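**Q** If you scroll down you'll find the structure; I have some questions about it.
Only the coordinates and a few stated rules stand behind these numbers; no lab work does. All values reported here derive from a predicted model rather than from experimental measurement. Please note: Cβ atoms are built from the backbone with ideal geometry, for glycine as well, and neighbour counts cover all protein chains shown.
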Amino acid sequence: MQEKEKFAPHVEDINRALNGKLSEEQIEEELRTYTERYGVPLGSAKRSIVKKYEGNPQDLYTNTEKSIEDIIGDEQGLDLKCRIVSINEKEIEVDDKPKQIWYGILGDDTGTIPFTLWEEPSIELNKGDTVKVENAYANTWNEKPQINIGSRASIKEIDSDEVPDFESEAQKLDLKDIRENMRNLDITARITSIEKKIVNGRDDEEKELFSGIIADETGKAQFSAWHDFDLSEDDVVRIKGGYVGSWRGIPQYSFDENAEVEFLDDDELSPSEELDDLSVYTISDLAKRGGAIDAVIDAVMIDIKSGSGLIFRCPECGRVIQKGACRVHGKVEGEPDLRVKGILDDGTGALTVIVNRELTEDILDYDMEKAMETAKDAMNQEIIKDDLEEKLIAQPLRVKGNITSDDYGLMLIANDFEYKSIDVEEEARKMLDEVRV
Ligand SMILES: [Zn+2]
């Protein structure tokens, strides 16, 4: 049914161009043969069918043009009317020979997309030109769609009114507001860590990847730069033209040679240590965002789950064992560990928190050896969990760590943990502010 709807306007268009020479069923049959059996792009298929039955392809007018926001990658036969937001030239090597290509950004009123032009165009192309591209194809690269204008495609200049005006400026955002799949962003941040990796790119060629963490006054994000911008730790940079991918639900900012990187004065942003303390999120923000690295949340522990306190792990796989048996490896000699698996609630939402052995020892104020002894004396392993409940339940806490999200919700792996004394004055001021709004 849906398929039929997809063809309907084109069947009608061909029918009109052929003056009823074929029935609608025959036209649909032809269209399917061309597009589905032979993989001919819809636009070319329509022209061929009209020609085959002695009509004039110029009489066709339902176009097969796509808006940029509808291009999701891996599509053939794309036609689009757009504006050249940026264009650059570069030399690459193909079969050991130098080759000139052009790349940049195309835009329309629905969005922007990177493009590569693989052959010298028949007309000179400049930033701001309005063009019609025919028979291009899209693929995805570094998780985002891009347009390729190859030897079978054409590009020609058209009247500028054919594409409505649009804002091609990158969207300025704070790091706490970035979300998966956003494109063409304008982010100002400090690089708090960076490392270079070699990864396999297209065609297995080795590619340099610079990745690390960026921070602004609102939050932090991992970043991936697919081009050597000569970035160093502590630089304050403005990165225009990046896009947001994600890893385990945590948004990551990525950018490549299409991005513009500007180095700013150091005092544009607080020093790294201060930015560290500023990544405080509410749980509802995190749920919308999908997760965060090095995030800080202020919340109350409302529950301690079973599997907290003194636990035993399988020496093979590290899973928590029950009654001396691992779910995968059967009866094993368990290795002791301490942890907290609890629920934190900040009034806007709740998440699961996992606290490791070291931090759990701090909370208990005794170490694992003591925990083992205590449990042995009481002949009850649960006694440690009881201690944790006493120390944690209903306590306001400040917890820091990486937060991932999946189908089960948010999970915070704590790497820092402190009791938060409630600042009465501050709370009172907040309440007053809320009343005033
Ligand atoms: Zn196991």
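**Q** Tell me whether the range 283-424 comes out rounded, prolate or oblate; compute the Cα gyration tensor, take square roots of the eigenvalues as a ≥ b ≥ c, and use a/c under 1.5 as the rounded threshold. Numbers along the way, then the final one.
**A** Working: a/c = 2.40, a/b = 1.44, b/c = 1.67.
In terms of gyration-tensor shape, oblate.
**Q** Which residue, LYS331, LYS420, LYS46, has the most motion in a Gaussian network model of the chain that connects Cα atoms within less than 10 Å?
**A** Comparing LYS331, LYS420, LYS46 in the GNM, the peak value goes to LYS331.
**Q** Now a separate question. What does the charge dipole of the range 68-162 about its Cα centre add up to, to the nearest 20 debye, if the Cβ of each Lys and Arg holds +1 and the Cβ of each Asp and Glu holds -1?
**A** About 160 debye.
**Q** Same structure again: Which order do SER151, SER224, SER211 fall in if you start with the one that has the fewest other Cβ atoms within 10 Å? Provide the component values of the computation, followed by the final result.
**A** On the way: SER151 8, SER224 20, SER211 17.
Lowest to highest Cβ neighbour count: SER151, SER211, SER224.
**Q** How far is the Cα center of the range 63-116 from the Cα center of the range 147-180, in Å?
**A** Comparing the Cα centres of the range 63-116 and the range 147-180, I get a distance of 9 Å.
**Q** With θ set to phi - 60°, apply the Karplus curve 6.51 cos²θ - 1.76 cosθ + 1.60 along the range 340-353 and write out the HN-Hα couplings as whole Hz, x wherever there is a Gly or Pro.
**A** Ordered by residue, 3J(HN,Hα) equals 10, 10, x, 10, 9, 10, 10, x, 9, x, 9, 8, 8, 10 Hz.
**Q** Extending each Cα 7 Å along its Cβ direction at ILE198 and GLU335, get the distance between those two points in nm, one decimal.
**A** If labels sit at ILE198 and GLU335, their model points lie 3.3 nm apart.
**Q** I'd like the distance between the alpha-carbon centres of the range 29-55 and the range 258-274, rounded to an integer number of Å.
**A** 54 Å
**Q** Using a Förster radius of 35 Å, what is the FRET efficiency between ASP406 and TRP118 based on their Cβ-Cβ separation? Nearest 0.05, please.
**A** Efficiency for this residue pair is about 0.35.
**Q** So, R0 is 60 Å and r is the distance between the beta-carbons of SER232 and LYS370; what FRET efficiency does that work out to, to 0.05?
**A** On the way: r = 46 Å, r/R0 = 0.76.
The value I calculate is 0.85.
**Q** Something else about it: With a cut-off of 11 Å, note down the residues of the range 367-392 whose backbone N falls inside the zone around a label point 7 Å from the Cα of ASP303 toward its beta carbon.
**A** Label zone hits: none.
**Q** Oh, and also: According to the square roots a ≥ b ≥ c of the eigenvalues of the Cα gyration tensor, what is the shape class of the range 68-162, taking rounded for a/c under 1.5, prolate for a/b larger than b/c otherwise, and oblate for the remainder? Walk me through the numbers on the way to the answer.
**A** Details: a/c = 1.67, a/b = 1.23, b/c = 1.37.
Judged from the Cα gyration tensor, the range 68-162 comes out oblate (a/c at least 1.5, b/c at or above a/b).
**Q** Let me spell out the model: positive unit charges on the Cβ of Lys and Arg, negative unit charges on the Cβ of Asp and Glu, origin at the Cα centre of the range 283-424. What dipole size does that give, in debye rounded to 20? Intermediate results must be reported in sequence, preceding the final value.
**A** Working: 18 positive and 28 negative charges, 123 e Å.
Around 600 debye, computed over the range 283-424.
**Q** Something else now. Hey, what number do you get for the chain at 222 nm if only DSSP H runs of n ≥ 4 count, each worth -39500 (n - 2.57), divided across all residues, to the nearest 500?
**A** -6000 deg cm²/dmol
**Q** Count the net charge of all other residues whose Cβ sits under 9 Å from the Cβ of ALA153, scoring Lys and Arg as +1 and Asp and Glu as -1.
**A** -1
**Q** Just to verify a number: FRET efficiency for CYS317 and ASP174, C-beta to C-beta distance, R0 = 35 Å, to 0.05?
**A** My answer for the efficiency is 0.30.
**Q** Taking the Cα centre of the chain as origin, sum charge times position over the Cβ atoms of Lys and Arg (+1) and Asp and Glu (-1), and report the length of that vector in debye to the nearest 20.
**A** Here the chain has a charge dipole of around 1920 debye.
**Q** Under a crude label model (7 Å from the Cα following the beta-carbon direction), how far is SER160 from TYR53 in nanometres?
**A** 4.2 nm
**Q** Give me the angle, in degrees from 0 to 90, between the Cα long axis of helix 368-378 and the longest principal axis of the Cα atoms of the chain, rounded to the nearest 10.
**A** Compared with the principal axis, the helix lies near 60 degrees.
**Q** Excluding LEU80 itself, calculate the net charge of residues whose Cβ lies under 9 Å from the Cβ of LEU80, where each Lys or Arg counts +1 and each Asp or Glu counts -1.
**A** Working: positive: LYS66, LYS81, LYS132; negative: GLU65, ASP79, ASP108, GLU134.
That works out to -1.
**Q** Assign one of three labels to the range 2-59, namely rounded, prolate or oblate, based on the Cα gyration tensor with a ≥ b ≥ c the square roots of its eigenvalues; rounded applies when a/c is under 1.5, prolate when it is not and a/b is larger than b/c, and oblate otherwise.
**A** Here the range 2-59 falls in the oblate category.
**Q** Something else about it: Full-extension gain between VAL328 and ASP96, please, as 0.36 nm times their residue separation minus the C-alpha to C-alpha distance.
**A** Extra length available between VAL328 and ASP96 comes to 78.3 nm.
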